[in-house]
Amino acid sequence: MNRRFIALGAAALLIAAVIGVLGLRDRSTRTGTVKLGMMLPATGTFAALGTAIDNGFRLYLNEHGGKLAGFDVEIVRVDDESDPSKATANINKLLKRDNVQALIGSVHSGVAMTMAKAAKETNTILVVPNAGADAVTGAMCAPNIFRSSFSNWQPGYAMGEVVAKRGHKNVVTLTWKYAAGDESVGGFKEAFEKAGGKVVKELSLPFPTVEFQALLTELAAIKPDAVYTFFAGAGAVKLVKDYAAAGLKGKIPLYGAGFLTDGTLQAQGSAADGLLTTLHYADGLNTPRDNAFRSAYFKSYKREPDVYAVQGYDAAQMLAVGLAAVKGDLSKKAEFSAALRSAQIDSPRGSFVLSRSHNPVQDIYLREVRGTQNRVIGIASKALADPARGCPM
Ligand code: BEZ
């Protein structure tokens, strides 16, 4: 009997040692399948943005035989509803219930900040395919956190310079009151006031409400030279239509971060015609890379891609770069990070590198709405890098 116990004990120790050596405890891939947790909105104000990101990600996968860097991929999806109050529970589902090896998400800045905190605490790779929260690649930056999109500061700062150059002196800002709105306005104000302009009033309403009437009345009474705004998705559709319906369109020029008119033009109709926005993607880039992406996207989804689709596609590309470097072993965080830090990402927007804090250093285009397109009419800011304030890396 004793000898049987000793033999069983020895066998158990041997199995434990083998598991330890193979690194199975830290969820690294040895089966050849990489398990990814994708947290995006499938419902609510930003649902269409989540769908476009997922479409872009799947397009890259389909172009590579369903694999990333030759590794099979399993994706566990969670609808985060763009609700920061549900973010912790949703992340726990992915990390604790499903044991995913890396996280992708999300659209809303508040949700992404909770994801970044969890990624830091658990040392899990995170790729953010939209949310611009400055802190993600600022004060919260980490070797395992990357962004394929933008910081809220970037399009705002570029537009501040544009609006000042167009001779406007007094501007009112109008946005949702949460990180993305505040930081977009922050970037705008920094550049606009540096160039001699003045933000005379900052108007806002809580996310995701869209009752603009009282604010538009106040705006009309102030009579500024121009308005700068951050809205996206269904909120952007409503603002652009309400602005025109209130008779303000021909009177007070409306400028915005490009989310105002990206993926929204079919619904906005003629109310959006002529609007100028700044963003890291545009229609009419007419490069071989973007043309190939656009026709592949159209073939797959029977619709034109937007900035969100590009960011999803590039999130997949970035994961592929990292996975190739670590041969599928996501426990090798330092090697994963080093590969991305030295990579040139061949994006449909134009190729980009990551900054020291892992945010794209990228051209910000000036675009004008013509029909259902955000046509590029220039580069507002060349190779613009987020200042990464508070990032110790
Ligand atoms: C954000 O919350 O960071 C965001 C949402 C939609 C579009 C752009 C930014």
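Out of region 216-246, which residues are open to solvent by less than 50 Å² (accessible area, probe 1.4 Å), away from the ligand (no atom under 16 Å from the Cβ) and either in contact with a Pro (Cβ under 6 Å, 6 or more places away or on another chain) or not β-branched (Val, Ile, Thr) (or both)?
Listed by number, the residues that qualify are Leu216, Leu219, Ala220, Pro224, Ala226, Asp242, Tyr243, Ala244, Ala246.
Return the residues of region 338-367 that are outside any loop (DSSP other than H, G, I, E, B) and open to solvent by 10 Å² or more (accessible area, probe 1.4 Å); say none if nothing qualifies.
Those that are outside any loop (DSSP other than H, G, I, E, B) and open to solvent by 10 Å² or more (accessible area, probe 1.4 Å): Ala338, Ala339, Arg341, Val353, Leu354, Val361, Asp363, Tyr365, Leu366.
Starting from residues that are of a type in the set (A, V, I, L, M) and open to solvent by less than 10 Å² (accessible area, probe 1.4 Å), keep the ones in region 368-393 and report whichever is farthest from Thr278 (Cα to Cα).
Only one residue tops the list, namely Ala388.
How many of the residues making up region 65-77 are outside any strand (DSSP E or B) and either surrounded by fewer than 16 Cβ atoms within 10 Å (Cβ to Cβ) or in contact with an Asp or Glu (Cβ under 7 Å, 6 or more places away or on another chain) (or both)?
3
Looking only at region 117-132, count every residue that is within 12 Å of the ligand (Cβ to nearest atom) and small (Gly, Ala, Ser) and tell me the total.
2
Please go through region 267-284 and pick out each residue that is among the hydrophobic types (A, V, I, L, M, F, W, C) and open to solvent by less than 30 Å² (accessible area, probe 1.4 Å).
Of everything in region 267-284, those that are among the hydrophobic types (A, V, I, L, M, F, W, C) and open to solvent by less than 30 Å² (accessible area, probe 1.4 Å) turn out to be Ala271, Ala272, Leu275, Leu276, Leu279, Ala282.
Yes or no, residue by residue, for (1) assigned to a helix (DSSP H, G or I); (2) buried (at least 16 other Cβ atoms within 10 Å of the Cβ); (3) at pLDDT below 95; (4) within 16 Å of the ligand (Cβ to nearest atom):
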position	(1), (2), (3), (4)
Ala158	yes, yes, no, yes
Thr175	no, yes, no, yes
Val185	yes, yes, no, yes
Lys189	yes, yes, no, no
Pro208	no, yes, no, yes
Ala214	yes, no, no, no
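For Ala135, which of the numbered conditions (1) within 16 Å of the ligand (Cβ to nearest atom); (2) open to solvent by 40 Å² or more (accessible area, probe 1.4 Å) fails to hold?
All conditions are met except number (2).
Has region 192-204 got any residue that is closer than 18 Å to Gly247 by Cα, assigned to a loop (DSSP other than H, G, I, E, B) and open to solvent by 60 Å² or more (accessible area, probe 1.4 Å)?
Checking region 192-204: not a single residue is closer than 18 Å to Gly247 by Cα, assigned to a loop (DSSP other than H, G, I, E, B) and open to solvent by 60 Å² or more (accessible area, probe 1.4 Å).
Taking into account only those residues within region 101-132 that are among the small types (Gly, Ala, Ser) and farther than 30 Å from Gly32 by Cβ, which is surrounded by the most Cβ atoms within 10 Å (Cβ to Cβ)?
Step by step, filter region 101-132, then rank; the result is Gly132.
Report yes if some residue within region 79-99 is of a type in the set (S, T, N, Q), touching a Lys or Arg at 6+ places or on another chain (Cβ under 7 Å) and at pLDDT 95 or above; otherwise report no.
Checked region 79-99: at least one residue is of a type in the set (S, T, N, Q), touching a Lys or Arg at 6+ places or on another chain (Cβ under 7 Å) and at pLDDT 95 or above.
Could you say which residue among Glu304, Glu335 is at pLDDT 95 or above, part of a helix (DSSP H, G or I) and surrounded by fewer than 20 Cβ atoms within 10 Å (Cβ to Cβ)?
Result: Glu335 is the single residue among Glu304, Glu335 that is at pLDDT 95 or above, part of a helix (DSSP H, G or I) and surrounded by fewer than 20 Cβ atoms within 10 Å (Cβ to Cβ).
Kindly provide the set of residues from region 88-114 that are more than 12 Å from the ligand (Cβ to nearest atom) and aliphatic (A, V, I, L, M), ordered by number.
Ala89, Ile91, Leu94, Leu95, Val100, Ala102, Leu103, Ile104
The values are calculated or read from the model by the stated rules, or taken from the named source; none is laboratory data. Bear in mind that the values here come from a model prediction, so they are computed numbers and not experimental data. As a convention, Cβ positions derive from the backbone with ideal geometry for all residues, glycine included, and neighbour counts pool all protein chains shown. SASA here: full protein model, heavy atoms, side chains in, ligands and nucleic acids out. Shrake-Rupley method; radii C 1.70, N 1.55, O 1.52, S 1.80 Å.
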